[in-house]
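No value in this document is a laboratory result; all are computed from the given coordinates. Predicted, not measured: the structure shown is a model, and the values here were computed from it. Don't worry about glycine lacking a Cβ; one is built from the backbone with ideal geometry, like all the others, and counts go over all protein chains shown.
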Ligand SMILES: Cc1cc2nc3c(=O)[nH]c(=O)nc-3n(C[C@H](O)[C@H](O)[C@H](O)COP(=O)(O)OP(=O)(O)OC[C@H]3O[C@@H](n4cnc5c(N)ncnc54)[C@H](O)[C@@H]3O)c2cc1C
Ligand SMILES: Cc1cc2nc3c(=O)[nH]c(=O)nc-3n(C[C@H](O)[C@H](O)[C@H](O)COP(=O)(O)OP(=O)(O)OC[C@H]3O[C@@H](n4cnc5c(N)ncnc54)[C@H](O)[C@@H]3O)c2cc1C
């Protein structure tokens, strides 16, 4: 046996060893190479003036990218730096892998595992080895991506500039220093969305959101602080129960995962019978989830919705469905039960508000400038992700919606004047119809549009309409005509699948990649040397399925192609899959290493119960306020007010 | 070759494998055992009423321990829980491994690697396997250590109570709820010391201290924030240079290590020619260290002092010796040069103040209650660490000094009335002498004292004095007598070595262990059943040497026995030793694993440059203020004021 195995062990180690040596040596060879080519320069310190970067800059365009989230980072990874001078502006100098943020709340993993510094992402060293070899071959380095630590407060599509705020200086003297403008040829907005409180009273003052690593840290601290307070001799039974009532409002994946992680933390590490950390708290803790629908995880397949509900109940999360949190005060949360139509107040120790997203103030400000956007509640783009009414401005990820309906109406409406008026040509008001002649013109216009872009839905609409037109061609003034609803049905039939893209990392990521590829292939007008992109493909979302952790080492998975699939058997299989999938998706080796280590550590040693002492410096609260004055912390409402958004 | 190796490989794996299996299975066997003994109870959930803990509580004493630092934790680890009901009170619910805190500032390691939750330290599961087997043998569990998350605001040695503050509630209604009293039989104070600003103007407002993990995090954030600001297009050259001027005030090990870590971070990760993160900042950064002495590391052997200075200069830290920081304003630090007697102002981006320690307000309040302490600037204990003037109160670590001089004067003075008056029996005021008769009485008293305790110095003093008395015994009223200075010289000769114990973790740790052992061996009076300890040994400090990291992968080591020893050759040897030593000292397996991982990670991937976004919740500053109102953050002056210290 050993004689048969040994040669193989040898061979495999030889190949593996060589691989390791090559990978380990490559950076050294590379450094030496670049140093030899330009001894005065150092690798990475290649500004556009470097002799190592491509000389011809004249025909490069300025690309400004806003934000460092899923959407923007995906653009940055795929954009061709030989075609663009790339500048990223964001008050967050790292990419955040949001799907694992709920695990940070409970201390299962640390925030280092889910953050990747943007300067690492855009550095030459972050390119795959293969690309780096290609650059060595070509003999010049890709241009640097400039990252600016600032928040964007205004976008002006007319002058093609964005205004950036670099600090929150309150005093007037520093006001001009604290802002600067950037001009762009192409702008990509990927500033995400903010938590929607539905204007519920008291949410802003008393609830926690979960969007940033700091949120997760603060949440964990509060849970631990409450546990500590509950263990004091002066704490009454009632107060103890209050302190240890943790509430989550919302029923989407984030809410479910937070509730699951909190419950895991309490169950496995805190009041666990074997590890004895806070055992006086056993019997007093509760995790409650308020969801307005009948089910958890709306939009997920039925099987998964059922599984999630059942698993939540099994791990003793109190799920209150068909209920709405209507008000939050310092001491209690009011929950309205839709079935009984009654409201009950519950004392709470902590509330996590995770009910969905709405556009942030930058987006609202931009929308208010564009008449094309005035009817909408969120920023609308065409199917190439270009903001309606703002040529050269692209918006991707949570901050915008592709709305082909809007595009359709916008593009067609532009040609035909107000469609509404056209329709009213014949028939009574509630059965407005377009004459066949009108339809003919419409078909011509749609044909033009669908030829101009290879938009699949547009050309499909053309075919359906022209067929209809040809069939009724006998009488151009056919009283039948085509009704508004018919027209809309035809359009919607082809647009529907793309219309409602959920605000997920998956969509943002795919849009980023799509957009980079689109922008990498400009059609350059030989005369005016303007760049256009509408010959390019439109965005098509490929649903890769959904993964959600439901607690107690159970996860649920749905892959759209193969119908819904949830390995509920022991759950551990799907749970491993869940881990493996996220491990794979996290593209930074350093973060991956951290993630793997954190998982091992928390499963071996349990999660830590150490509270952070904030600071011993006398000035620490000022320092924290200064840091809030610094441009980190974008998404708070107070912050927006301060920078005048 | 392989045939000779293989059997050994087999044998070793067999033994190792069995070991691993035993260690892995033991907890399960253990859990099963305890569950069987008491099916209604769960392991660890053994309050004093548990049938599994020793029944006889009547003759147990209440031990209250203040603080969760080096000193207190060392007591907790060694105290016999069969003799004491142990309660720990501290606003920090974890132990902090301070020697590695400077590495956290630069992000070389994370704060998880240097913190161990106190509840883990005191849990049954934290006992060594051997002890746990012993408890299984005996059939009962050790009593739980009660940890209370509160700050102590007052100690009353008369009523033997401590007052604890559990939260910083400002409103009057909650005032009675926010405090509680604990009574003790034995009290151990290990509340550490605070940073000494020497009342330098502006330090409190503008400088950072380095005592807690939060300090390290804030420091790292500020360095990164300054780097980001320096990289903005609107930042002038001058401003850039200011933002990137990092200052450290102090010349002790903490100051040196912080400067070294900051410089390493800047050199290896930030403006490093190979990794390109903030290369626009190259040439603008500086790390400056202001030290009032001629040397760094006062108190260390000369060879190490020289090595440190030389190494700091080699790694381009600007060391300004014989200088004092005299004032700090918002924009500049004033440095007074002792040689030229001139003051220069320097702009700065960040100042770390690390110049030494002073007693905190709790200690000052206690001192003000004890007339025996009125002449001193710090809390004095006798050689058994008992606070002078407060029987049953022990103080160890940075918060107190053993002063045998004080003990000597106190103990002898108590018997002889004021020694001062005795001395004035003969001779002019500036050569006061004690008559030989007086000396005779003194000798009797010292004999008594030295018999009562086995205090080595005391019995040595007795021998010297009695020798002297015997020699001059011929004339009991000998006009020569003994002068105050002679008496002090004799005492000091024997006390000197122990007098000046440095405020280090080493001392605190040894004192804790010593004290636990002392308290574990009470002499119980059969009649009054009072417990006394003065028959026990006195504390003797065993200097184990010093280790200090001086940057550029170089460390210095001094072991007192073997003279000073500093492997400056390549430095890497000592550097490995430095790593190994701290790894060994960090007693928690979980923290050790984290430490090892962090070291590997930062050397493989470099330190992260991700800033933390504090929070997206609208209430986050309030939350931070609430957490400052919570009792974390003890050591700030504002905090003290709030709780009335
Ligand atoms: C806890 C949690 C769990 C989630 N789990 C999943 C999941 O499992 N699967 C999934 O597909 N999706 C998940 N999501 C959703 C997913 O995170 C978002 O859909 C995705 O982050 C959207 O990407 P984005 O780039 O549009 O915005 P974001 O990732 O939010 O990035 C926005 C960026 O813009 C920056 N920015 C904000 N304001 C400004 C300004 N004024 N100027 C400049 N920059 C600005 C921000 O700092 C940030 O860098 C989760 C979200 C959360 C919060
Ligand atoms: C950055 C740094 C590096 C260092 N490096 C070294 C080194 O390399 N080697 C070495 O030997 N020493 C080193 N030291 C010194 C060492 O840390 C101290 O000497 C040691 O911590 C003293 O231990 P302690 O238990 O007395 O106090 P601490 O460890 O400071 O603990 C004090 C405890 O008391 C608590 N407390 C404070 N106030 C109250 C109150 N009112 N009520 C209740 N509890 C309270 C605190 O929360 C804390 O838990 C270093 C110190 C620092 C700051």
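What the table below lists for this structure:
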| item | result |
| --- | --- |
| Neighbouring partner chain Cβ atoms per residue of A:94-106, average, 10 Å criterion | 1 |
| Most to least packed among A:87-94, A:382-389, B:193-200 [average Cβ atoms within 10 Å] | A:87-94, A:382-389, B:193-200 |
| Fewest-first sequence of B:257, A:201 by Cβ atoms within 10 Å of each Cβ | A:201, B:257 |
| Peptide B:197-204, shielding by other chains (average Cβ, 10 Å cutoff) | 1 |
| Taking A:436, B:312 and counting other C-beta atoms within 10 Å, the order from fewest to most | A:436, B:312 |
| Centroid-to-centroid separation of the range A:209-243 and the range B:214-290 [C-alpha atoms, Å] | 36 |
| Alpha carbon centroid spacing (whole Å) that separates the range A:303-364 from the range B:79-110 | 38 |
| Copy-to-copy label separations for residue A:236, where each label sits 7 Å from Cα toward Cβ, in nm and ascending | 6.2 |
| Stokes-Einstein D (µm²/s) once Rh is taken as the Kirkwood radius of the range B:175-273 over alpha-carbon pairs, at 4 °C in 1.567 mPa s | 76 |
| Copy-to-copy label separations for residue B:4, where each label sits 7 Å from Cα toward Cβ, in nm and ascending | 2.9 |
| For A:265, B:26, A:596, order by how many other beta-carbon atoms lie within 10 Å, fewest first | B:26, A:596, A:265 |
| Distances in nm from residue A:128 to the matching label points in the other copies, shortest first (labels 7 Å along Cα to Cβ) | 5.3 |
| Cα gyration tensor shape for the range A:268-329, rounded if a/c is under 1.5, else prolate or oblate | oblate |
| Residue mean of other protein chain beta carbons inside 10 Å, B:225-232 | 5 |
